[in-house]
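Each remark here refers to the structure printed beneath this line.
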Amino acid sequence: MKNTLTKATLTFATLLCGQYLMSQSPENLLNSLDSITPPETAYTYATFKSTRVINGHSIERMKEGQLDFRVSHRFGLINQGAYELFGLDQGTTCLNLEYGIKDWIMLGISRTSVEKTFSGLAKFSLLRQSSGTRNIPVSVSYLFETSAITVKWSNPDLNNLFSSRFSYLHQLLIARKWNERFSLQVSPTVLHRNLVATEANHNDVWALGLAGRYKITRRTALNAEYYPRLNPEPNTTNCLSIGFDVETGGHVFQLLVSNSTGMIEKTFIGETTGKWNKGDLHLGFNISRVFALKGKKHVK
Amino acid sequence: MIIFLSLTTIIHAQDKLITKTGHIWFYSHAPLEDIIAHTHQAAAIIDLSKGSIAVSIPMMSFEFKKALMQEHFNENYVESAKYPKARFIGSVKNLSELNFKKNGIYKTTVTGELTIHNVTKKIEADGTIEVKDGKYTVISKFNVSPKDYDIKIENRLSRNIASTIEVNIELNF
């Protein structure tokens, strides 16, 4: 009696085990897979569509081996009316080349027609926004730029120092991509100008840039940028710009309206004079084209 | 009874093999350019007793030669922030013909469901399973159409990105 009971229990138990083994469904296989897959860190990409929001820098950089060629143009004042074709008859331009030395260092050179200024910049990506195993809420970059105006001195008889041509910029760029549509950036800035026009002007300009982008479709976005100065100067205004980005594979076209003709920080942060409420606005565009000079090699 | 149970458990565990470094690459051949991207971070589990296989692929792990292309792949096409993983779950059609205890290269066809961009489609893929001294290598090649998975590629890019993409898999267990 006892033997049969044990045998029956044994057989029943075995059958149950067998049943359990057989009932491992495909979903269970996938669940087993999920439990063994190591957790990852997902780094945020494309907070902005290009290295500039409108006039000012975004946290984006060129990755290693990528070269960005950028042409910027600002037309004349719209409120000049139809005779001047609403400003289209005049213009200032800027040409930029920016290259990624490493994924986190970008070097750039530029030349703008405003005061015939040459600039050199270095942008470092310090922190990247990420989720998953490593949760970091913002991306942070640091920008250092030196500019030298090369336009001839207006009064050559004065003791014009070479160093007076120079200005220096330090900027901390802090941005967050909230979702696929909305990104926001703050850019605390200090701009030092070796020579300023009058006693009332400051050699050091402190500003807090604010920029935002709203992505409308996969390839278009609406941007806004404002650079209020913490120590304003007389007869100058803060730069406010609105832009529209169209991205097409390798190009990013940025159409914009701004109260400044400057395309480098020295000009658009420190020397803007246009007033939005008076219609002192300039139409403009940036065209950026990215070339991959060095490709990533696949290591087997 | 306990010994018997534990024996069955051991056999159960031995039949399931795992890899976390599966190599998957895809190749698009179009008139203006060829595009290749590789990942070595595919996770796969294979159940030898049932001939079933599950694969999980983190989309952000695909590496392209051009960094901008990788960004567009993630942001505009597969939207990997929304759908981080592609998955496959399926089984071999000819389990009876495969002898996992004997060294050799066995031809097989796997059928199952592939999920990319949150769209699931039934697929059938030909491949081989090589058995060598207790190690198993699964190799397969099949075609995927981005359109089938709701991945929109603009018409003007039809000469840059192929409408049918060749996917290659190499898993070492």
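The values are calculated or read from the model by the stated rules, or taken from the named source; none is laboratory data. Quantities reported herein were computed from a predicted structural model and do not represent experimental measurements. Quick reminder, even Gly has a Cβ in these numbers, built from the backbone with ideal geometry, and neighbours come from all protein chains shown.
Below is a table of values for the structure above.
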{"item": "Whichever residue in the stretch A:267-295 is over 18 Å from the mean Cα position of the chain (by Cα) and of a type in the set (Lys, Arg) and, among such residues, is farthest from the other protein chains (Cβ to nearest Cβ)", "result": "A:278"}
{"item": "Matching residues, the stretch B:75-93, being within 12 Å of chain A (Cβ to nearest Cβ), surrounded by fewer than 20 Cβ atoms within 10 Å (Cβ to Cβ), of a type outside the set (A, V, I, L, M, F, W, C) and not in a strand (DSSP E or B)", "result": "B:75, B:76, B:77, B:79, B:82, B:83, B:84"}
{"item": "All positions within the stretch B:14-40 that are in contact with a helix residue (DSSP H, G or I) (Cβ under 8 Å, 6 or more places away or on another chain) and modelled with pLDDT under 90", "result": "B:16"}
{"item": "Members of the stretch A:81-116 found to be surrounded by fewer than 15 Cβ atoms within 10 Å (Cβ to Cβ) and farther than 30 Å from residue A:64 by Cα, listed by number", "result": "A:81, A:82, A:83, A:85, A:88, A:89, A:90"}
{"item": "The stretch A:132-165, residues that are polar (S, T, N, Q), more than 20 Å from residue A:203 (Cβ to Cβ) and surrounded by 13 or more Cβ atoms within 10 Å (Cβ to Cβ)", "result": "A:139, A:141"}
{"item": "Criterion: among the aliphatic types (A, V, I, L, M) and touching a Ser or Thr at 6+ places or on another chain (Cβ under 6 Å) - qualifying residue of A:101, A:105, A:136", "result": "A:136"}
{"item": "Of all residues making up the stretch B:94-108, the number that are surrounded by 14 or more Cβ atoms within 10 Å (Cβ to Cβ) and either at pLDDT 90 or above or among the acidic types (Asp, Glu) (or both)", "result": "2"}
{"item": "Pairs where the first residue, in the stretch B:28-43, is farther than 28 Å from residue B:155 by Cβ and within 9 Å of chain A (Cβ to nearest Cβ) and the second is among the basic types (Lys, Arg) and in a strand (DSSP E or B), C-beta under 7 Å, 6+ apart", "result": "B:43/B:20"}
{"item": "Test for residue B:128: is it in contact (Cβ under 8 Å) with a residue 12 or more places away in the chain, out of contact with any Cys (no Cβ under 9 Å at 6 or more places or on another chain), outside any loop (DSSP other than H, G, I, E, B) and surrounded by 12 or more Cβ atoms within 10 Å (Cβ to Cβ)", "result": "yes"}
{"item": "Only listed residue being away from chain B (no Cβ under 14 Å), hydrophobic (A, V, I, L, M, F, W, C) and either assigned to a loop (DSSP other than H, G, I, E, B) or more than 18 Å from the chain's Cα centre (by Cα) (or both), chosen from A:211, A:207, A:224, A:197", "result": "A:197"}
{"item": "Residue B:67 surrounded by 19 or more Cβ atoms within 10 Å (Cβ to Cβ) and either under 28 Å from residue A:291 (Cα atoms) or not acidic (Asp, Glu) (or both)", "result": "yes"}
{"item": "Of residues in the stretch A:272-286 being exposed (fewer than 15 other Cβ atoms within 10 Å of the Cβ) and in contact (Cβ under 8 Å) with a residue 40 or more places away in the chain, the one farthest from residue A:56 (Cα to Cα)", "result": "A:278"}
{"item": "Failed criterion for residue B:142 (all others in (1) out of contact with any helix residue (DSSP H, G or I) (no Cβ under 7 Å at 6 or more places or on another chain); (2) surrounded by 19 or more Cβ atoms within 10 Å (Cβ to Cβ); (3) of a type in the set (A, V, I, L, M, F, W, C) hold)", "result": "(2)"}
{"item": "Subset of the stretch A:220-238 that is among the hydrophobic types (A, V, I, L, M, F, W, C) and surrounded by 15 or more Cβ atoms within 10 Å (Cβ to Cβ) - its residue that is farthest from residue A:202 (Cα to Cα)", "result": "A:221"}
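Yes or no, residue by residue, for (1) within 13 Å of residue A:287 (Cα to Cα); (2) away from chain B (no Cβ under 14 Å):
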site: A:39; (1), (2): no, no
site: A:47; (1), (2): no, no
site: A:71; (1), (2): yes, yes
site: A:79; (1), (2): no, yes
site: A:86; (1), (2): no, yes
site: A:97; (1), (2): yes, yes
